[in-house]
Amino acid sequence: MRLLQLKYRITVLLLLAFQWSWCQESVKVRFLPHWLYQAQFAGYVMAQEKGYFKEYGLDVTFVPGGPARPVMTSLAQGDADIAVGFLSSGIKARAQGLDVVLIGQVSQRTALLFVARKGSGIQSPGDLNGRKVGIWYSDFQELPLSFLSRHQVKCEIVPVHSTINMFLWQAIDAMSIMWYNEYHQLIQAGLDEDELVVFDFQEYDLNYPEDGLYCNGDWLKANPDAARAFVQASMKGWEYAFAHADETINVVLKYMRINHIPANRPHQVWMLQRMQDVIRPEGKKMTTALKLEDYLRTAEALRSAGSIQAVPKFQDFYRGP
């Protein structure tokens, strides 16, 4: 009899707990990737698709990214709650007085490259002197400029906004690109890898991790649990994306088509593979921790290049695990 009463009480408590959880309002989060839908953001797309955000008590809306919506400015102005941004951009924004904080460092190595044609005679960084060099502006410019400054290169900087066309047309001699994106676009456009000279920033002591999750400082104070939940759900999404690559590519392509973004499957496959290399270098366990040495190295490069005057305090900038 007592056992039956105990089972009944446990059942009632479980039902009440279940009812209570459904009555709780999900925290609304406006999420801003720093570019358009593509496999670079597959982890967040799959966290949404598989219901991980909801599982963690979040109601997430994706805000379209791109050069017209700078991440750090959008966060500071309250146009988004959480966003993906470069570590260099976050440090620069913080140094300029914007109240942005890093809650999770997803990328663990740089994917930035400079690329040139072998036929142009460019073989070393010094050969970029006097040349036309295309650089993605907005949030992507800091580290390429640091590379040029470190190697004392005096060249004509040509702003690049959205395509690789100027490089293909040979209107510029070299260009900053991402390993997981524009490098493969060049190959798909008909260039052979042995035609290209690649300056991998990682090999030039400029291995600064890039994509991290940022939010406004005031928003974090008001929503500390939601911020933590977003990072955890996102990483669960990345785990799923890497383990189920074909399904993930199908989902990414679906959203690209819905949003009228040109896409092809081989390129998205390449991007997802390279994102795994960036997020999980050499097959290591995924982490969202920012190493102090990575922070100081990146900040010092910005300071020496004149992008910032002083390095923000690490404990003010980073609020992750």
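Below are the figures for this structure:
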| quantity | calculated |
| --- | --- |
| Value of relative contact order over the stretch 60-140, rounded to a whole percent, pairs C-alpha under 8 Å and six or more apart | 30 percent |
| Per-residue ³J(HN,Hα) for the stretch 192-198, Karplus 6.51 cos²θ - 1.76 cosθ + 1.60, θ = phi - 60°, Hz, x for Gly and Pro | 7, 4, 6, 8, 10, 9, 10 |
| Under the Karplus curve 6.51 cos²θ - 1.76 cosθ + 1.60, θ = phi - 60°, whole-Hz ³J(HN,Hα) for the stretch 221-234, x wherever Gly or Pro sits | 4, 7, 9, x, 5, 5, 4, 4, 5, 4, 4, 5, 5, 4 |
| Carbon and sulfur %, accessible surface of the chain computed with the full protein complex present, 1.4 Å | 52 percent |
| Cα centroid of the stretch 125-174 to Cα centroid of the stretch 182-230, whole Å | 18 Å |
| Taking the C-alpha atoms of the chain, convex hull volume expressed per residue in Å³ | 154 Å³ |
| Candidate aspartates and glutamates - alpha carbon under 15 Å from LYS284, same-chain residues fewer than 8 apart omitted | GLU239 |
| Length-normalised contact order of the chain in % [C-alpha pairs under 8 Å, at least 6 apart] | 29 percent |
| Per-residue [θ]222 nm for the chain (sum of -39500 (n - 2.57) over DSSP H runs n ≥ 4, rounded to 500) | -13000 deg cm²/dmol |
| Listed pairs LYS28/LYS54; LYS291/LYS313; LYS50/LYS291; LYS221/LYS313; LYS28/LYS285; LYS92/LYS313 exceeding 21 Å between Cα atoms | LYS50/LYS291; LYS28/LYS285 |
| The stretch 181-290 - accessible surface per residue (Å², probe 1.4 Å) | 46 Å² |
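The values are calculated or read from the model by the stated rules, or taken from the named source; none is laboratory data. Small disclaimer: the values here were computed from a predicted structure and weren't measured. These area figures cover heavy atoms from the full protein model, side chains too; ligands, DNA and RNA do not enter into them. Shrake-Rupley method; radii C 1.70, N 1.55, O 1.52, S 1.80 Å.
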